[in-house]
Amino acid sequence: MKIFTLFALVVGIVAVIFASQNAAPVLVRFFGWQAQESMALVLLLTFALGVVFGLLVSVPPMIGRMRKIAQLKRKVDEQAYDLEAADRKLTDATNQLTALQAGQLSPQTNVVPHSSILDQPGKQHEY
């Protein structure tokens, strides 16, 4: 961005120098209107109008790109939050699994272990 600003400044300075070296009076006609003006004024006015029209043409797409970038940044932030929540859940589940395997925590469900069902001979169970 700094290079673009420097380039624009150099172009502006060159335009002013060029216009000031061509200050002879000229006849300007536009749709029936005519005037005798300095060529420097005509050149600078033409340059300024070109800059203004260039900005008018380039600003709407730039605004659209900025909106799209903001929308995508919000989406990335939401996904990062979801990823952090999933990571916390995974960490909690891993900690619970480790505790269960170490025998420090009893399971929170009322499931009867399979070995106790199979250890009772002659008893039929519905599955």
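The values are calculated or read from the model by the stated rules, or taken from the named source; none is laboratory data. Keep in mind it's a predicted model, so treat the numbers as computed, not measured. Here the Cβ is made from the backbone with ideal geometry for all residues, glycine too, and neighbour counts use every protein chain on show.
Restricted to region 55-102, and to residues that are more than 30 Å from F4 (Cβ to Cβ) and β-branched (V, I, T), which residue is nearest to the chain's Cα centre (by Cα)? Walk me through it before giving the result.
First, pick out the residues of region 55-102 that are more than 30 Å from F4 (Cβ to Cβ): 78-102.
Filter once more, so that each one left must be β-branched (V, I, T): 91, 94, 98.
On the way: T91: 31, T94: 35, T98: 41 Å.
Across region 55-102, the extreme among qualifying residues is T91.
Here are the criteria: (1) surrounded by 12 or more Cβ atoms within 10 Å (Cβ to Cβ); (2) within 26 Å of A8 (Cβ to Cβ); (3) of a type in the set (A, V, I, L, M, F, W, C). Tell me which single one V26 does not satisfy.
So V26 meets the others, but not (2).
Identify the residue in region 80-116 that is among the β-branched types (V, I, T) and either modelled with pLDDT under 60 or outside any helix (DSSP H, G or I) (or both) and, among all such residues, is surrounded by the most Cβ atoms within 10 Å (Cβ to Cβ).
That would be V112.
Does at least one position in region 47-68 carry a residue that is under 30 Å from F30 (Cβ atoms), touching a helix residue (DSSP H, G or I) at 6+ places or on another chain (Cβ under 8 Å) and at pLDDT 85 or above?
Checking region 47-68: at least one residue is under 30 Å from F30 (Cβ atoms), touching a helix residue (DSSP H, G or I) at 6+ places or on another chain (Cβ under 8 Å) and at pLDDT 85 or above.
Name the pairs: first residue in region 54-80 and closer than 29 Å to A8 by Cβ, second residue of a type in the set (V, I, T) and part of a helix (DSSP H, G or I), Cβ to Cβ under 9 Å, at least 6 apart or on different chains?
Partner pairs satisfying both residue conditions: none exist.
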